[in-house]
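Taking it in order: structure first as structure tokens, then the write-up.
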Protein chains: 4
Amino acid sequence: MSYDRVWTVRFSDTDPFGIAHYPRIVDALHETSDMFMEEIGYPFWEISQDHGFGLPLVEIDFEFESPVEAGDDVTIALTPEVGTRSVRFDYTATCGGSVAFEGYEQRVCAEHGGGGAIEVPADLRDAMVPYEE
Amino acid sequence: MSYDRVWTVRFSDTDPFGIAHYPRIVDALHETSDMFMEEIGYPFWEISQDHGFGLPLVEIDFEFESPVEAGDDVTIALTPEVGTRSVRFDYTATCGGSVAFEGYEQRVCAEHGGGGAIEVPADLRDAMVPYEE
Amino acid sequence: MSYDRVWTVRFSDTDPFGIAHYPRIVDALHETSDMFMEEIGYPFWEISQDHGFGLPLVEIDFEFESPVEAGDDVTIALTPEVGTRSVRFDYTATCGGSVAFEGYEQRVCAEHGGGGAIEVPADLRDAMVPYEE
Amino acid sequence: MSYDRVWTVRFSDTDPFGIAHYPRIVDALHETSDMFMEEIGYPFWEISQDHGFGLPLVEIDFEFESPVEAGDDVTIALTPEVGTRSVRFDYTATCGGSVAFEGYEQRVCAEHGGGGAIEVPADLRDAMVPYEE
């Protein structure tokens, strides 16, 4: 069961052809990760202070399959895949029944302050697992 | 009765002091105008094509009274003030019971394609009036 | 002698009418304040750590007089006006010989960490004065 | 010989840890493509009107290897790889002698208005070839 949110494309996201600029799509994808972490009780703005670790991004790979326009309601589904010392967020964005864009963010679990990768804490894993495929 | 929406400040909006960068606040204010116009049935992305006019911005004036942080739920209230050939959107944003920022966008009603100011069409006026103070 | 920089409007700044979205103009104005502070030796990213104070924004007022398009080279001139406990940055942006947008940012000088307004330090004043009108 | 530009990370790009938010890095990468197309005489804002084709993005893949901070001067090098009906822009961003982030944008060459992929026009190819590896 993925985590789903609806992103409404705004006029201010659109280009001279009336479609969303791709950096605005990246903003929407990233906002989704922020919403998801809040939803499961580990908001990005708390985990380093309260739990001493973070999930810094190491790679993004997104494919843009069909353009989206102002007023489009795009459902962005996030599915986490929890590894031992890393987490991958898979995204599929659909609009009007077809895929508009999709891809992933690869993140590592790291101690706050610059230590190396650590194991994903058990309670974070437990919070993410219900959203795995 | 103002048009209200809740803006949740995201981690990606925040600065080294943990508070929202002001250009991100401007994004949130502008998004609110877009949501309002959609709500009343005159989305920015349709009015010029379908109705032949626009509401280009001529001035913004915003005051920042207290900072907002990631995770804050900020209620942004928009109150339109409809003039003869112009519209002003007044904003008041509150968080935790006190004003965080407020101000206005001054817009003119203009024919699409660069004619001068025109009178605000009666049906647009009718759609906005219920939200006036 | 104002501090001048050239902002080239990018395709990704533009809207369905081929003109810059206004939040992108605000980004360009704000970037100019950042470039100016770096130029005079007091970059925003250093003053609070190294000098213990900041220049938080309390108000912006911008007027948009003529639209700018992708590829336009817009000269943004910043003129500081140094008060006792505050600083105002005046902006005038010209393109092709006429004013495209103008306005100001009003900032206070405040101790880092939330004390009240303090006097603008003498050395910061000295660094800004050559750019005053 | 790649196309190189220097991106200075701004205070307004940075997060609570003092490093650039990744959507701001994506903005900087995309801006580089815009600057490159302008440099070679085929700005994004002209090609569809003047030449009848575009280079819509179909995929991005970026890796983030070390964080960048406000004030960092990051050299972003763009190397085009011209295919028959597509173009790939490879990016390598270095700061202080080491790679900060790198990756690519995959673009197709398409007729404006939604036809399928077309061959990269010979004159555009000629303009890009000097920057190939």
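Side notes on the structure shown:
- C:Asp34 falls short of the stated requirement of being within 12 Å of chain D (Cβ to nearest Cβ) and open to solvent by 10 Å² or more (accessible area, probe 1.4 Å).
- Qualifying residues in region D:54-86 (those that are open to solvent by 10 Å² or more (accessible area, probe 1.4 Å), of a type outside the set (Ser, Thr, Tyr) and closer than 24 Å to A:Gly116 by Cα) - the one nearest to the chain's Cα centre (by Cα): D:Asp61
- Residue ID - most open to solvent (accessible area, probe 1.4 Å), chosen from residues in region A:116-133 that are assigned to a helix (DSSP H, G or I) and touching a residue at least 60 places away in the same chain (Cβ under 8 Å): A:Pro130
- The lone criterion from (1) among the aliphatic types (A, V, I, L, M); (2) part of a strand (DSSP E or B); (3) within 14 Å of chain D (Cβ to nearest Cβ) left unmet by C:Val58 is number (3).
- Residue match in region A:87-103 (condition: under 16 Å from the mean Cα position of the chain (by Cα), outside any strand (DSSP E or B) and not basic (Lys, Arg)): no
- Taken as a whole, the structure places D:Ala20 among residues that are within 14 Å of chain C (Cβ to nearest Cβ) and crowded, with 18+ Cβ neighbours inside 10 Å.
- Taking first residues from region D:1-27 that are on the phi > 0 side of the Ramachandran plot and partners that are among the acidic types (Asp, Glu), the Cβ contacts under 7 Å between residues at least 6 apart in sequence or on separate chains come to D:Gly18/D:Glu69.
- Answer residue from region C:37-53, given it is more than 10 Å from every other protein chain (Cβ to nearest Cβ) and at pLDDT 95 or above and is farthest from the chain's Cα centre (by Cα) among those: C:Gly41
- Top-ranked residue in region D:1-17 [being of a type in the set (D, E, K, R) and either assigned to a helix (DSSP H, G or I) or under 24 Å from B:Ile25 (Cα atoms) (or both); ranked as nearest to the other protein chains (Cβ to nearest Cβ)]: D:Arg10
- B:Val99 under 30 Å from A:Tyr42 (Cα atoms), touching a residue at least 24 places away in the same chain (Cβ under 8 Å) and surrounded by fewer than 17 Cβ atoms within 10 Å (Cβ to Cβ): yes
The values are calculated or read from the model by the stated rules, or taken from the named source; none is laboratory data. Everything numeric here is computed off the predicted structure, so don't read it as measured data. All Cβ positions, glycine included, derive from the backbone under ideal geometry; neighbour counts span all protein chains shown. Just so you know, the surface numbers come from the protein's heavy atoms only, side chains and all, with ligands and any DNA or RNA stripped out. Shrake-Rupley method; radii C 1.70, N 1.55, O 1.52, S 1.80 Å.
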